[in-house]
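A.B. asks: Below you will find the structure I want to go over with you.
Please treat every number below as a calculation from the coordinates, not as lab data. Please read these numbers as outputs of a predicted model, since none were measured by experiment. As a convention, Cβ positions derive from the backbone with ideal geometry for all residues, glycine included, and neighbour counts pool all protein chains shown.
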Amino acid sequence: MALTGGWPILAWARTAVAPRGGALARCLPHELAVPLVRQLLAISEMPTQAIDTLVLGNALGANGNPARMLALAAGIAQQARALSVDTQCCSGMDAVTLACALLAAGQADVVIAGGAESWSRAPIRQHRPLDPARMPTAYERPSFAPDPAQDPDPLDAAATGAAELGITRQAQDAYTALSHARARAADPSAEIVAVAGCARDGYPRALTLARMARMPVLREARDADGNDCSLSRASVSPQADGAALLLLASPAACRKWGLRPRAAWLDAYSQGGQPRQPMLCAHQAARVLLERRGLRTCELGAIELHDAFAVQGLAFARALGLAPEALNPQGGGLARGHPIGASGAIALVRALEDWQRQPRQPVLAAIAAAGGLGSATLVGAWHG
């Protein structure tokens, strides 16, 4: 899937990201996102009745239509369409791409899009037995590929990738420590709307390499030369709650409502890859997007990757010929946490904040998802 052109972005905002069971644990997905809708309307001075479409990414809700729940809870007109998107980790970013597709098709004029996820309130999952006399079987995650050999546990896939690519635990620890240090030094207050009294990302911490060397190992791995490529607890983005939304509109709607775009969605690309190694799909989508736009990485103002694993960030940087330090200038998902269906939208909000600091160059956001999916988006200046 690919779209060209650009669409005005009027506003963006996110919640803080809180660890599962933490400050946002009592909020359902739509409850996380309602304050964001209100913030977007306040920033843009857009009347609620102007919103005709809401597209929401959500991966863990597993029931109903979270987008419709949000639209009704936020007081958006009942006539507004509401679409929920589930492409797992890519959901929040893909929701924004779908919103732009609706604008391009003339099916929408003013759209709110993004993602919201409450890992804390996710339904308990059970398989229904074929024999009614048997009890349901609980499970932690669904299948992401029909062939079990192509559907490893994400931790196993990341450990395999680390061994195959020769990415050592020491390199992963250094990448992780930098991400946390950057997140601790950052001030994201301009992009965060307080929800349930939570106004700051709750996970970033002071990490030293000596401390990280003592962290528990989640998956052991060694490369062909016997080097330790194991995954420690710190090198994996933790389960989390959070939400992020963007407000987009057609140029005609901007003229109608007297709105001045703050930025632009420029282009996006998503594609499938190997289900057995999904973390590689982010750089594959990013590479295609940059090639189709004729851009080099040196022409980007910043790159925001939702790095669910430290090894993923290192593999992404290596594949695109970047130093790891080029990614996530204020820390990535590794330091914030991973609210699955919202993570891609949070990366977009971070990209827009990066762009505001250097508005002469476009900014790239990218994410990969279980099952072998990758999405990438470019944001920058509106020239309508």
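A.B. asks: Tell me the GluC sites (Glu not before Pro) within segment 116-173 that lie in a loop according to DSSP and have at most 14 other beta-carbon atoms within 10 Å.
C.D. replies: Passing both the DSSP loop test and the Cβ count: Glu140.
A.B. asks: List the trypsin sites (Lys or Arg not before Pro) within segment 280-384 that fall in a DSSP loop (any state other than H, G, I, E or B) and whose Cβ has at most 15 other Cβ atoms within 10 Å.
C.D. replies: Within segment 280-384, the qualifying trypsin sites (Lys or Arg not before Pro) (loop, at most 15 other Cβ atoms within 10 Å) are Arg296, Arg360.
A.B. asks: May I ask for the net charge around Val17, where only other residues with Cβ less than 12 Å from the Cβ of Val17 are counted and Lys, Arg are +1 while Asp, Glu are -1?
C.D. replies: +1
A.B. asks: Out of the trypsin sites (Lys or Arg not before Pro) in segment 191-225, which ones are loop residues according to DSSP with at most 11 other C-beta atoms within 10 Å? Numbers along the way, then the final one.
C.D. replies: Numbers: sites: Arg200, Arg205, Arg211, Arg214, Arg219, Arg222; in loops: Arg200, Arg205, Arg214.
Answer in residue order: Arg214.
A.B. asks: In sequence order, what are the phi-derived ³J(HN,Hα) couplings for segment 102-114 according to the Karplus relation 6.51 cos²θ - 1.76 cosθ + 1.60 with θ = phi - 60°, rounded to whole Hz, with x for glycine and proline?
C.D. replies: Per residue, the Karplus-derived 3J(HN,Hα) values read 5, 4, 5, 7, x, 8, 8, 10, 9, 10, 9, 8, x Hz.
A.B. asks: So what are the ³J(HN,Hα) numbers for segment 22-37, from phi and the Karplus equation (6.51, -1.76, 1.60; θ = phi - 60°), rounded to whole Hz, Gly and Pro as x?
C.D. replies: x, 5, 9, 5, 8, 9, 6, x, 5, 6, 5, 8, 4, x, 5, 4
A.B. asks: Can you give me the relative contact order of the chain as a percent, contacts being Cα pairs under 8 Å and 6 or more apart?
C.D. replies: That works out to 27 percent.
A.B. asks: Let me ask something else about it. Quick check on segment 123-194: take the gyration tensor over C-alpha atoms, sort the square-rooted eigenvalues as a ≥ b ≥ c, and tell me if it's rounded (a/c under 1.5), prolate or oblate.
C.D. replies: Oblate, because a/c is 1.5 or more while a/b does not exceed b/c.
A.B. asks: Additional query: 5 Å is the cut-off here: which amide hydrogens, built 1.01 Å from N in the peptide plane, fall below it relative to Ala16, excluding neighbours closer than 5 in sequence?
C.D. replies: Val193, Val195
A.B. asks: A further question on this structure: Can you tell me the convex hull volume per residue for segment 202-327, based on C-alpha atoms, in Å³ to the nearest whole number? Show your work: numbers first, answer last.
C.D. replies: Numbers: hull volume 23.7 nm³, N = 126.
Hull volume normalised by residue count: 188 Å³.
A.B. asks: Let me ask something else. So what's the Cα pair-distance distribution over segment 174-233, bin width 5 Å, in %?
C.D. replies: Histogramming segment 174-233 at 5 Å steps yields 4, 15, 19, 19, 14, 11, 10, 5, 3, 1 percent.
A.B. asks: In bins 10 Å wide, starting from 0, what share of all Cα pairs of segment 257-384 does each bin hold, as a percent?
C.D. replies: Over segment 257-384, the share of Cα pairs per 10 Å bin runs 14, 48, 31, 6, 1 percent.
A.B. asks: Where both partners of a DSSP beta bridge lie in the chain, what percent of those bridges are antiparallel, to the nearest 5?
C.D. replies: Beta bridges within the chain, antiparallel portion: roughly 70 percent.
A.B. asks: Give a residue-ordered list of calculated ³J(HN,Hα) values for segment 140-150 (Karplus: 6.51 cos²θ - 1.76 cosθ + 1.60, θ = phi - 60°; whole Hz; x for Gly, Pro).
C.D. replies: 3J(HN,Hα) across segment 140-150, in whole Hz: 8, 9, x, 6, 10, 8, x, 8, x, 5, 9.
A.B. asks: Find which of Cys90, Gly114, Pro148 sits farthest along the positive direction of the dipole of segment 27-149, computed with +1 on the beta-carbon of Lys and Arg, -1 on that of Asp and Glu, about the Cα centre.
C.D. replies: It is Pro148.
A.B. asks: Give me, ordered by chain and number, the residues 5 or more places off Phe309 or on other chains with an amide H under 5 Å from its own placed amide H.
C.D. replies: Ser237
A.B. asks: Taking a ≥ b ≥ c as the square roots of the eigenvalues of the Cα gyration tensor of segment 58-172, is the shape rounded (a/c under 1.5), prolate (a/b larger than b/c) or oblate?
C.D. replies: Judged from the Cα gyration tensor, segment 58-172 comes out oblate (a/c at least 1.5, b/c at or above a/b).
A.B. asks: So how much slack lies between Ala101 and Asp223, counting 0.36 nm per residue of separation and subtracting their Cα-Cα distance, in nm?
C.D. replies: Length gained, Ala101 through Asp223: 39.6 nm.
A.B. asks: Using the Cα gyration tensor of segment 115-252, with a ≥ b ≥ c the square roots of its eigenvalues, what is the shape: rounded (a/c below 1.5), prolate (a/b larger than b/c) or oblate (neither)?
C.D. replies: oblate
A.B. asks: Sticking with this one: Of the listed values (1) 30, 54, 16, 0; (2) 25, 49, 20, 5, 2, 0; (3) 31, 58, 11, 0, grab the one calculated as P(r) over Cα pairs in 20 Å bins from 0, in percent from the structure here.
C.D. replies: (3)
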